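Reviewing the structure listed below.
The values are calculated or read from the model by the stated rules, or taken from the named source; none is laboratory data. Just so you know, these numbers come straight off a predicted model, no measurement behind them. Neighbour counts run over all protein chains shown; Cβ positions are idealised from the backbone, glycine included. SASA here: full protein model, heavy atoms, side chains in, ligands and nucleic acids out. Shrake-Rupley method; radii C 1.70, N 1.55, O 1.52, S 1.80 Å.
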Amino acid sequence: MGKNDVTTRVGENDKEKETLNLLTSTQIVIHDALKRLGLPEEAYELLKEPLRMMQVRIPVRMDDGSVKIFSGFRAQHNDSVGPTIGGVRFHPKINDDEIKALSMWMSMKCGIADLPFGGGKGGIICNPRTLSFGELERLSRGYVRSISQIVGPTKDIPAPDMYTNSQIMAWMMDEYSRLRKFDSPGFITGKPLVLGGSEVREEAGALGAAICIEEAAKIRGIPIKGVRIIIQGFGNAGSYIAKFMYKSGAIIVGISDVYGALYDPDGLNIEYLLSRRDSFGTVTSLFEGTITNEELLEQECDILIPAAISNQITAKNAQNIRAQIIVEAANGPTTIEATRILSERGILLVPDVLAGSGGVTVSYFEWVQNKQGYYWDEKEVANKLRRKIVRAFHQIYEISKISNVNLRVAAYMVGVKKMVEASAFRGWI
Ligand code: NAD
């Protein structure tokens with residue numbers, strides 16, 4: 001594993017950033033979900049922000065001998081159900097509001113997948129592209145020392161996220177184990193297999209989304225064989241989804257990356273595209289006659305999968321989407337207003353907190369395997385994941401029917417319910 005494994009995913013043209021109002025829009029949906037459940041305003045007061053938010057400053061000795069101070073965060077949204085869990089991202093543009101909102105999304109995912117956890121999230125403001133392998137290691141270890149008082153296998157469990165990977169998880173686990181003076185694989189998930197990682201962890205997010213695609217298609221009576229799919233984004237999530245769906249007999253008619261999009265109503269050669277894709281998740285620059293990402297979203301297809309960045313489907317283009325089903329593999333690709341328009345148009349929109357819950361579910365499985373010291377094979381992990389996602393999907397679908405709400409609100413209703421119940425039993429509200 002070299003420096004590029006971590007750094008190549010931050011591109012010059014990287015516009016990947018959560019919207020500035022991510023926290024506000026998350027609060028709006030939480031409030032709506034609580035109201036529909038008939039829960040008191042106190043519950044909203046408890047859940048509208050994380051219980052804890054730690055900001056740290058991390059001194060790192062750089063290769064040239066100087067010392068650079070990095071800022072980092074760790075948010076713990078709610079630990080009424082159990083320890084918190086969630087990724088650590090390395091990105092130049094993260095801020096405290098975004099980390100708070102992301103920890104709240106993790107709480108929703110844990111509730112939806114019925115995991116014994118609440119949501120957490122962390123991050124360091126940095127550009128991993130400009131750091132050497134050694135600097136990245138010292139930064140990762142420094143972060144763990146800075147937050148060590150509030151994390152641990154029974155407190156708060158970190159995981160990989162944007163621009164962090166299994167090597168970084170390995171350094172962090174080693175640092176925590178050194179601090180505690182015993183081996184602690186359960187401190188962190190997304191580790192290499194040899195250090196107690198789990199099978200399927202790397203592709204878990206995409207596999208969860210693929211299972212949601214299959215369930216949504218069943219509901220709409222569309223057979224997967226021959227279904228026409230457009231995927232925006234060809235990175236880790238998008239390329240794995242393309243691979244899984246292509247294998248199941250779907251026709252991938254469109255894909256895109258940051259530079260543009262390819263569309264062919266007869267279907268793209270996915271095996272070829274996967275083999276030519278670079279480590280930035282880009283491939284379209286090899287072709288002539290590409291279209292824009294905006295144009296791709298409005299092309300004819302049965303299922304549209306945004307798997308790149310946030311705010312792609314807005315009030316401006318929601319009327320022009322021609323898919324019957326949208327499965328949000330990316331975080332926050334659809335605005336609140338666009339969600340309303342799509343619901344009115346009868347388009348089935350599977351929200352990010354459900355479609356993206358595969359990663360944290362397999363993190364839970366990794367934590368369980370570390371606790372028991374017995375490891376499952378790939379098939380067992382994949383089957384366990386499928387059972388959880390299918391159950392969650394249908395539970396949310398039923399609630400959306402009974403309560404006459406869209407799947408996003410229904411998912412949040414499931415997401416908040418256990419937290420409110422646990423908080424009430426504990427006497428917090
Ligand atoms: P990635 O960095 O591997 O890939 C991102 C892809 O999006 C690349 O193809 C890139 O070229 C493209 N892209 C970047 N900017 C773009 C733009 N402005 N317009 C169009 N395309 C653009 O990231 P990833 O891990 O695949 O994650 C993608 C999204 O899915 C994120 O929102 C992430 O949070 C979410 N997600 C990923 C996983 C997973 O399995 N990796 C799991 C859950 C959620």
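Cβ neighbours within 10 Å, averaged per peptide: list 311-321, 282-292, 111-121, 92-102 in order, most packed at the top.
In descending order of packing, they fall as 111-121, 92-102, 311-321, 282-292.
So, in Å, what gap is there between the alpha-carbon centers of region 384-418 and region 228-287?
For region 384-418 versus region 228-287, the Cα centre distance is 29 Å.
At q = 0.14, 0.15, 0.17, 0.21 Å⁻¹, what base-10 log of I(q)/I(0) does the Debye formula yield for region 50-184 when every alpha carbon is treated as an equal point scatterer in vacuo?
-0.58, -0.67, -0.85, -1.25
Counting heavy atoms of the protein chains only and a 1.4 Å probe, report the per residue accessible area for region 295-429 as a whole number of Å².
Roughly 41 Å² per residue, with all protein chains present.
Taking a cut-off of 16 Å between Cα atoms, list the aspartates and glutamates near K35, but don't count ones fewer than 8 places away on the same chain.
Straight-line reach from K35, under 16 Å: E45, E421.
Three principal axis extents, largest first, for the C-alpha atoms of the chain, in Å?
Largest to smallest, the principal-axis extents are 57, 53, 41 Å.
Any of K218/K247; K191/K371; K100/K181 with alpha carbons more than 20 Å apart? Name them for me.
Where the Cα-Cα span goes over 20 Å, the pairs concerned are K100/K181.
Considering the chain as a Gaussian network with a 10 Å cut-off on Cα pairs, which listed residue, R61, R138, R201, attains the greatest mean-square fluctuation?
Result: R61 has the largest fluctuation of those listed.
Ranking request for peptides 162-169, 203-210: highest mean number of other beta-carbon atoms within 10 Å first, then the rest in descending order.
Ranked by mean Cβ neighbours within 10 Å, highest first: 203-210, 162-169.
Carbon and sulfur atoms: what percent of the 1.4 Å accessible area of region 50-184 do they account for?
Result for region 50-184: 49 percent of the exposed heavy-atom area is carbon or sulfur.
Report Rg(Cα)/(2.2 N^0.38 Å) for region 204-355, keeping two decimals.
0.93
Find the all-direction average of the projected area of the Cα convex hull for region 229-315, expressing the result in square nanometres with one decimal place.
5.3
Across region 60-70, in residue order, what do the Karplus-derived ³J(HN,Hα) couplings come to in whole Hz, using 6.51 cos²θ - 1.76 cosθ + 1.60 with θ = phi - 60° and x for Gly and Pro?
Result, ordered by residue: 10, 6, 7, 4, 7, x, 6, 10, 10, 9, 9 Hz.
Would you mind working out the accessible area per residue for region 50-184, using a 1.4 Å probe, and quoting it in Å²?
Per residue, region 50-184 has 33 Å² of solvent-accessible surface.
Per residue and in Å³, how big is the convex hull formed by the alpha-carbon atoms of region 285-429?
So the per-residue Cα hull volume is 169 Å³.
What whole number of Å gives the distance from the Cα centroid of region 178-203 to the Cα centroid of region 73-104?
Cα centres, region 73-104 to region 178-203: 20 Å.
On a straight-distance basis, which aspartates and glutamates could pair with K93 in a cross-link, Cα separation under 17 angstrom, same-chain partners fewer than 8 positions away excluded?
Straight-distance partners of K93: E12, D14, E16, E18, D161.
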